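*Asks:* There's a structure below that I have some questions on.
Taken together, the values in this text are just the output of simple stated rules run on the coordinates, not laboratory data. Note that this is a predicted model, so its numbers are computed, not measured. Cβ: placed from backbone, ideal geometry, glycine included. Neighbour counts: every protein chain shown.
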Amino acid sequence: MDKIRITGGQRLEGVIPISGAKNAALPLMIASLLTDETLTLTNVPRLSDVTALSRILSNHGVDRTVAGRRIGQSAETGQTISLTARQIVDTCAPYELVSTMRASFWVIAPILARMGEAKVSLPGGCAIGTRPVDLLLMALERLGAEIAIENGYALARAPQGLKGAEIVFPKVTVGGTHTALMAAVLAKGTTVIENAAREPEVTDLAACLTKMGAKIEGAGTSRIVVEGVARLGGAHHAVLPDRIETGTYAMAVAMTGGDVELQGARLDLLQAAFDVLVRSGTEVSATADGVRVRRNGGGIAPVDVETEPFPGFPTDLQAQFMALMTVAQGTSRIRETIFENRFMHVQELARLGARIRLDGDVAIVEGVPKLTGAPVMATDLRASVSLVIGGLAAQGDTTINRVYHLDRGFEALEAKLTRCGAIVERISG
Ligand code: EPZ
């Protein structure tokens with residue numbers, strides 16, 4: 001298994017290109033199941049999650065073409081992937097495939113909408129919490145599907161087709177909103193989704209579905225109205241920039257000190273996190289090409305944070321922010337409100353010398369003057385990258401094991417950091 005070794009203590013200076021968002025690319029790829037025409041996605045990141053989902057989609061009969069790189073095109077230009085689900089040859093998504101990636105459960109919606117039936121393995125638990133799918137199934141039931149759970153699979157049937165309805169989510173769910181949207185676009189009549197997720201990735205999916213011929217209003221607000229259509233067609237769509245990758249590198253610059261332009265990043269996708277960074281003593285400004293993040297000289301001020309659905313502070317940046325707070329000049333409190341078990345990085349940050357105490361859903365982080373390098377490992381993607389950030393600031397060498405977590409969600413991580421002066425090396429093993 002590959003490892004990453006970081007020699008800490010270098011300031012980051014330069015330009016980091018921001019990739020297309022993993023969490024937008026995945027539902028967009030799944031949306032290709034809704035039409036027999038071709039959906040072409042540009043700015044798709046090169047990530048193992050994208051490869052895994054491609055494999056799952058091909059099992060359902062989706063043909064995939066990946067455009068080759070043109071002469072002179074940089075290695076960091078996103079991929080262009082064309083997906084054509086002329087026929088859905090298999091309405092079952094088996095355990096072996098779904099268990100590798102939770103988001104693949106979302107195929108249940110387009111397959112049910114197009115074929116009147118779907119059988120998808122329940123994804124099971126994961127490192128950050130129990131993560132049930134009850135609300136996704138509730139949404140499909142509201143649209144008229146009969147749902148049964150048998151032998152670890154969710155079976156959904158709607159032989160007469162889905163019918164528009166009111167769906168009220170008791171809590172904000174990104175996957176629930178994606179699922180409701182993808183089912184409602186082909187349902188007969190009007191669907192109203194109340195307490196919908198407002199995440200930019202939901203808005204991106206709605207924008208792409210609209211290009212495919214769907215009638216959607218209110219995406220980006222908590223009330224989405226969908227007027228069902230009989231069929232959808234092909235479209236071209238560029239995946240929006242990854243706000244979590246943006247925030248991750250911004251925290252790295254805040255922690256090591258330095259001056260980096262995050263090329264292609266958008267301030268509006270991450271206002272809450274940038275506000276917190278500014279309060280911590282980091283300068284953030286919009287540039288013609290993206291966002292510039294700087295911290296020169298001054299110390300890091302402690303800031304209390306609570307994770308929330310968009311537009312609040314994202315749970316996917318909680319671990320990275322905690323890494324930054326470990327060297328703040330004082331004590332900060334970080335509350336995790338989205339997932340019940342998303343503090344797996346705490347013990348590993350402690351190996352770098354961090355002082356963190358857990359009290360239920362709150363982490364109390366007492367800043368220390370410096371971290372020191374150590375071998376560490378983590379059990380999920382964002383926790384792993386928080387250790388990279390810790391390692392960049394720590395004195396000496398940090399080795400991060402289980403790099404496959406990072407490969408799921410961070411494109412060309414070592415190359416992007418190395419270009420800005422970090423000493424980062426992948427050790428194959
Ligand atoms: C998406 O997961 C993201 N994944 C997650 O990113 C992200 O952390 C999360 O949204 C919250 O922003 C992708 O987009 C692929 P939810 P999702 O449904 O859709 C509960 C990463 O690192 N819930 O919004 O699965 C759930 O347990 C990943 O890139 C139910 O109770 O998250 C959680 O407490 C990790 N029943 C809350 O809702 C349900 O049926 C929000 O989860 C569904 C969810």
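*Asks:* Tabulate in residue order the Karplus-calculated ³J(HN,Hα) for the range 275-288, using 6.51 cos²θ - 1.76 cosθ + 1.60 with θ = phi - 60°, rounded to whole Hz; enter x for Gly and Pro.
*Replies:* Calculated HN-Hα couplings, in order: 4, 5, 5, 4, 5, 7, x, 9, 8, 10, 8, 7, 10, 4 Hz.
*Asks:* Treating the beta-carbon of each Lys and Arg as +1 and of each Asp and Glu as -1, no other charges, what is the dipole magnitude of the chain about its Cα centre, to the nearest 20 debye?
*Replies:* I would put it at about 440 debye.
*Asks:* Just want the ordering: LYS171, LYS188, from fewest to most Cβ atoms lying within 10 Å of their own Cβ.
*Replies:* Sorted ascending by nearby Cβ count, the order is LYS171, LYS188.
*Asks:* OK, next. If the reach is capped at under 18 angstrom between alpha carbons, list the aspartates and glutamates near LYS370, excluding any in the same chain fewer than eight residues apart.
*Replies:* Within the straight-line limit of under 18 Å, LYS370 reaches these aspartates and glutamates: GLU348, ASP397.
*Asks:* Could you work out how far apart the two model spin labels at ARG333 and VAL278 are, taking each label as a point 7 Å from the Cα in the direction of the beta carbon, and quote it in nm?
*Replies:* Reported label-point gap for ARG333 and VAL278 is 2.5 nm.
*Asks:* For the range 1-67 and the range 83-139, what is the separation of their Cα centres, given in Å?
*Replies:* 18
*Asks:* Further, regarding this structure: Tell me what the chain gives for mean residue ellipticity at 222 nm when only DSSP H runs of n ≥ 4 count, each as -39,500 (n - 2.57), the sum divided by the residue total, rounded to 500 deg cm²/dmol.
*Replies:* Computed ellipticity for the chain at 222 nm equals -8500 deg cm²/dmol.
*Asks:* Still on this structure, please answer the following. Determine the dipole magnitude for the range 22-238: charges of +1 sit on the beta-carbon of Lys and Arg, -1 on that of Asp and Glu, nothing else is charged, the reference point is the Cα centre, and the result goes in debye to the nearest 20.
*Replies:* The calculation lands at about 320 debye.
*Asks:* What is the magnitude of the charge dipole of the range 283-401 about its Cα centre, with +1 placed on the Cβ of each Lys and Arg, -1 on the Cβ of each Asp and Glu, and no other charges, expressed in debye to the nearest 20?
*Replies:* 420
*Asks:* What is the distance in Å between the Cα centroid of the range 242-263 and that of the range 350-397?
*Replies:* Taking the Cα centre of each part, the range 242-263 and the range 350-397 sit 17 Å apart.
*Asks:* Same structure, new question: Antiparallel as a % of all DSSP beta bridges within the chain, to the nearest 5?
*Replies:* 70
*Asks:* If each residue's Cβ is checked for other Cβ atoms within 10 Å, how do HIS60, HIS345 rank with the fewest at the top?
*Replies:* Listed from fewest to most nearby Cβ atoms, that is HIS60, HIS345.
*Asks:* Same structure again: Return a whole-number percent for the relative contact order of the chain, with Cα pairs under 8 Å and 6 or more residues apart as the contact set.
*Replies:* Reported as a whole number, the value is 21 percent.
*Asks:* Further, regarding this structure: Once Lys and Arg get +1 and Asp and Glu get -1 on their Cβ, which of ILE128, GLN320, ILE224 lies farthest toward the positive end of the dipole of the chain?
*Replies:* Among ILE128, GLN320, ILE224, the one farthest towards the positive end of the dipole of the chain is GLN320.
*Asks:* Would you list THR40, THR77 from fewest to most Cβ contacts within 10 Å?
*Replies:* Going from sparsest to densest Cβ surroundings: THR77, THR40.
*Asks:* Multiply the residue gap between SER428 and MET1 by 0.36 nm, knock off their C-alpha separation, and tell me the result in nm, one decimal place.
*Replies:* 153.1 nm
*Asks:* Let me ask something else. With axes computed from alpha carbons, what is the tilt in degrees of helix 174-184 against the longest principal axis of the chain, rounded to the nearest 10 within 0 to 90?
*Replies:* Value to nearest ten degrees: 20.
*Asks:* Among rounded, prolate and oblate, which fits the range 166-243 when a ≥ b ≥ c are the square roots of the eigenvalues of its C-alpha gyration tensor, a/c under 1.5 means rounded, and a/b larger than b/c means prolate?
*Replies:* Judged from the Cα gyration tensor, the range 166-243 comes out oblate (a/c at least 1.5, b/c at or above a/b).
*Asks:* Below 11 angstrom from the Cβ of LEU277, what's the summed charge of the other residues (Lys, Arg +1; Asp, Glu -1)?
*Replies:* Value of the local net charge: +1.
*Asks:* Right, here's the next one. Under the rule a/c < 1.5 gives rounded, and otherwise a/b versus b/c splits prolate from oblate, where does the chain land using the Cα gyration tensor?
*Replies:* Taking the square roots of the gyration eigenvalues as a ≥ b ≥ c, the chain is prolate.
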